[in-house]
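To keep things clear, I will list the structure first and then write my remarks on it.
The values are calculated or read from the model by the stated rules, or taken from the named source; none is laboratory data. Not measured: the values here are computed from a predicted model. Cβ placement follows ideal geometry from the backbone for every residue including glycine, while neighbour counts extend to all protein chains displayed.
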């Protein structure tokens, strides 16, 4: 055999290997799956807490303001009435003692009567009471999708709810939303 013939066989053999490798690669590309089977879909949510103010009116009863907090008027009127009543009892120095005792007792009773009346004298006002309450909601943030591709299971998160399959490109599951049907 001459050397040119050997070179031809070598070059031909190399060409066969290259063509065969290209065919095998092309076959593998052509036989790669185009879809992964969806076997499970789980919603993924997050809890959102939104504060808001809640108010309501309440009735508040309190003692009315008075112009005589020391009850001087009741003391004086009670003292005068007690003194007049005491002066009608007894005679001489006994009358003086009775007048003084009546005035002292009347002053005390008048003071207590005015106190009782002031405590009963109330006003009712409406006050607004507010508090912060939290509203809790669940927000959907995506889906954890379990899929089967070439006999193996995997999980991806998508922003959309998938159908029965997910597209595959170059052996990878595509997680972008499909184009909207128009």
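Among the numbered criteria (1) surrounded by 10 or more Cβ atoms within 10 Å (Cβ to Cβ); (2) farther than 30 Å from residue 115 by Cα; (3) modelled with pLDDT of 90 or more, which one does residue 21 miss?
Of the numbered conditions (1) surrounded by 10 or more Cβ atoms within 10 Å (Cβ to Cβ); (2) farther than 30 Å from residue 115 by Cα; (3) modelled with pLDDT of 90 or more, the odd one out for residue 21 is (3).
If a residue must be loosely packed, with under 10 Cβ neighbours inside 10 Å and either in the same structural domain as residue 154 (by TED's automatic domain parsing) or within 17 Å of residue 113 (Cβ to Cβ) (or both), how many such residues does region 66-93 contain? Working first, answer last.
So in region 66-93, the residues loosely packed, with under 10 Cβ neighbours inside 10 Å come out as 67, 69, 91-93.
Pick out the ones that are also either in the same structural domain as residue 154 (by TED's automatic domain parsing) or within 17 Å of residue 113 (Cβ to Cβ) (or both) and you get 67, 69.
Residues meeting the conditions: 2.
Can you tell me which condition residue 179 does not meet? The list is (1) modelled with pLDDT under 95; (2) assigned to a strand (DSSP E or B), and all the others hold.
(2)
Name the residue, out of 53, 46, that is modelled with pLDDT of 85 or more, under 30 Å from residue 154 (Cα atoms) and loosely packed, with under 12 Cβ neighbours inside 10 Å.
Numbers: 53 fails: under 30 Å from residue 154 (Cα atoms).
Residue meeting the stated conditions: 46.
Would you say residue 167 is in a loop (DSSP other than H, G, I, E, B), surrounded by 11 or more Cβ atoms within 10 Å (Cβ to Cβ), at pLDDT 85 or above and not assigned by TED's automatic domain parsing to the domain that holds residue 75? Steps first, answer last, please.
Numbers: in a loop (DSSP other than H, G, I, E, B): no; surrounded by 11 or more Cβ atoms within 10 Å (Cβ to Cβ): yes; at pLDDT 85 or above: yes; not assigned by TED's automatic domain parsing to the domain that holds residue 75: yes.
Criteria not met by residue 167.
Which one of the conditions (1) touching a strand residue (DSSP E or B) at 6+ places or on another chain (Cβ under 8 Å); (2) in contact (Cβ under 8 Å) with a residue 12 or more places away in the chain; (3) more than 30 Å from residue 66 (Cα to Cα) does residue 87 fail to meet, given that it meets all the rest?
(1)
Being in contact with a strand residue (DSSP E or B) (Cβ under 8 Å, 6 or more places away or on another chain) and surrounded by 15 or more Cβ atoms within 10 Å (Cβ to Cβ) is the filter here; which residues of region 102-145 pass it? Don't jump to the end; show me each part of the working.
Residues of region 102-145 in contact with a strand residue (DSSP E or B) (Cβ under 8 Å, 6 or more places away or on another chain): 118-119, 121-145.
Of everything in region 102-145, those that are in contact with a strand residue (DSSP E or B) (Cβ under 8 Å, 6 or more places away or on another chain) and surrounded by 15 or more Cβ atoms within 10 Å (Cβ to Cβ) turn out to be 118, 142, 143, 145.
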